[in-house]
Amino acid sequence: MTCAESREFMDVFLPLITNTPDDRHVVIAPPFTALSTLSGIVRGSSLELSSQNVHWEDKGAFTAEISPTMLLELEVRYSIVGHSEPRKYFSESDEQINLRAKSAQAHNLIPIVCVGESDEQRERGEAERVIRRQVEQGLEDTDPSKLIIAYEPIWAIGTGKTCEAKEANRICGLIRKWVGYSDCIIQYGGSVKPQNIDEIMSMSDIDGVLVGGASLDPMSFGRIVNYQIN
């Protein structure tokens, strides 16, 4: 979204979360250009900000990258690293993702580390091996109590295919075991929408969701935030 679109979004969305339970943490990750605008808008609310990425150096000749100190100035608390799109389109490696995660933690930012397999990898029976490698290499030398892991099967993002809640829960359980820290926060991301949020959040090993397209509509995202478990 542009800055203007982000302001319009907030006009509708913020009233929808005024009665959201205090134990739910709601974080939005706008483009870098909108972070400054939204920093002022969300100040004093329960809503927190995340960047969509972060560089591993404080300063230097890294044109087009955003340093952690730049984000801290805008009161950003989280940073997504290893999202499937940078992995796919910009060839982000597990080593680079690990550098970004460590840099975030060193500056008291909470990295949201994304992992997940492609359709081809799942079809070949490689899903668990791929995800375990991403977890082990991406989280090397990080503090599991100060990060979030988001399992986002690439094949379930914008394809119309859906990962069944029980299968997503199984993978999240494996990730928890591989990390070796039972209280690690693990999210699921992949075609999350109002129609399936209640079932997803009823799963034992899914602590939250990383929402893509459904978050662009404030009413849709409001329903997701205010999920109900019977």
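Bear in mind these aren't lab numbers, they're just calculated from the coordinates by the rules spelled out. All values reported here derive from a predicted model rather than from experimental measurement. Backbone-built Cβ (ideal geometry, glycine too); neighbour counts: all protein chains shown.
List of remarks:
- Fully extended contour minus Cα-Cα distance, from Ala4 to Ser182, at 0.36 nm per residue: 60.0 nm
- Neighbour counts of other Cβ atoms within 10 Å put Glu73, Glu117, Glu152 in the fewest-to-most order Glu73, Glu117, Glu152.
- Estimated dipole of region 128-230 in Debye, rounded to 20 [Cβ of Lys and Arg +1, of Asp and Glu -1, Cα centre]: 220 debye
- Under a model in which nothing but the beta-carbon of Lys, Arg (+1) and Asp, Glu (-1) is charged, the chain shows a dipole of about 140 debye around its Cα centre.
- Counting beta carbons within 10 Å around each of Ile154, Ile97 and listing the fewest first gives the order Ile154, Ile97.
- When the square roots of the Cα gyration tensor eigenvalues are ordered a ≥ b ≥ c, the ratio a/c for region 1-143 is 1.5 or more and a/b exceeds b/c, which makes its shape prolate.
- Relative contact order for the chain, counting Cα pairs under 8 Å that sit 6 or more residues apart, in percent: 16 percent
- The residue list Ile185, Leu47, Asn226 was ranked by how far each Cα lies along the charge dipole of the chain toward its positive end, using unit charges on Cβ atoms, and Asn226 comes out on top.
- Residues Phe32, Phe13 in ascending order of nearby Cβ atoms (within 10 Å, fewest first): Phe32, Phe13.
- Toward the positive end of the charge dipole of region 47-172, with +1 on the Cβ of Lys and Arg and -1 on the Cβ of Asp and Glu, the farthest Cα among Ala104, Thr162, Val130 is that of Thr162.
- Here is the tail figure for region 5-62: Cα pairs spaced more than 18 Å apart come to 41 percent of all pairs.
- Debye, to nearest 20: dipole size of region 1-110, +1 on Lys, Arg Cβ, -1 on Asp, Glu Cβ: 40 debye
- Cβ-Cβ distance of Leu216 and Arg24, R₀ of 22 Å, FRET efficiency by 1/(1 + (r/R0)^6): the value works out to about 0.65.
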